[in-house]
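Each remark here refers to the structure printed beneath this line.
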Amino acid sequence: AEGLRYVRAWPALILMIAMAVLVKVALTPAFSLLPLLVRNHFRGGPSQLGAFEALFGVGIVVGGLLLGGWGGFRRKIRTIQLGILVLGVGITALAFVPGHLFLVGLACLFVMGFGIPLVDGPFLAILQTTVPPDMQGRVFGVTFSLLSLSSPLGLLLAGPLSDRLGLPIWYAAAGVLALLLGSVGFLIPALLRIEAGSDAAIGRIQS
């Protein structure tokens, strides 16, 4: 309850968590449906699926190394937005790759993996540097509970939609959503100022 009150009193934090939840609603089915995409769209088998997952992992490692060496933008929220845009590009491109261009699909998985650390790393860093230590456990509990709930919700939506319209449709929808979220985030001043701190939120809770 204290964690919820804290989050509700800080509009910028609400926006950041909502953005993360929406991205996860889009991404969880995109990864869960990969075996079907490989089999039905790319006409591949276990080896092709293994290649997809391997290139995704390589992308995560390369993205993590880049973030570790570069450190991201001074405003970490801008790095998150960039990462969401990268994810959006990778997923949207994967939706339109013809089935015979398997190597292009591999490149899309690399791009998707590359974007993951650019989102996850700064997201955790913002929470750890702006939320007071005595509130972090509560806020983290609320945040990760919402993120966990987004996974079954995304799968619940993706299953019927993919059955009716085909697998690429979900990837196109998920990619467009990520691109919209990544772009719109640059236009919301409250979100861009989230790293200014949470003193106002604490004051509203205390009052």
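Observations on the structure shown:
- The helices (runs of 4 or more DSSP H) located wholly in segment 130-192 that include 1 or more residues which are farther than 30 Å from residue 4 by Cβ and open to solvent by 60 Å² or more (accessible area, probe 1.4 Å) occupy 133-165, 167-184.
- Residue that is surrounded by the most Cβ atoms within 10 Å (Cβ to Cβ) [pool: residues in segment 40-52 that are without any contact (Cβ under 8 Å) to a residue 24 or more places away in the chain and either in contact with a helix residue (DSSP H, G or I) (Cβ under 8 Å, 6 or more places away or on another chain) or outside any helix (DSSP H, G or I) (or both)]: 49
- Whenever a residue of segment 135-152 is in contact (Cβ under 8 Å) with a residue 24 or more places away in the chain and within 18 Å of residue 27 (Cβ to Cβ), its partners that are open to solvent by 40 Å² or more (accessible area, probe 1.4 Å) and in a helix (DSSP H, G or I), lying with C-beta atoms within less than 7 angstrom and at least six residues away or across chains, give the pairs 147/24; 150/24; 151/24.
- Given (1) assigned to a helix (DSSP H, G or I); (2) more than 23 Å from residue 72 (Cβ to Cβ); (3) over 17 Å from the mean Cα position of the chain (by Cα); (4) not polar (S, T, N, Q), number of the condition residue 99 does not satisfy: (1)
- Picking from residues in segment 70-96 that are open to solvent by 70 Å² or more (accessible area, probe 1.4 Å) and in a helix (DSSP H, G or I), the one that is nearest to residue 169 (Cα to Cα) is 89.
The values are calculated or read from the model by the stated rules, or taken from the named source; none is laboratory data. This is a predicted model, so every value here is computed, not measured. All Cβ positions, even for glycine, are placed from backbone atoms using ideal geometry, and neighbour counts span all protein chains on display. When the accessible area is computed, the model is the full protein with side chains, heavy atoms only, and any ligands, DNA or RNA have been set aside. Shrake-Rupley method; radii C 1.70, N 1.55, O 1.52, S 1.80 Å.
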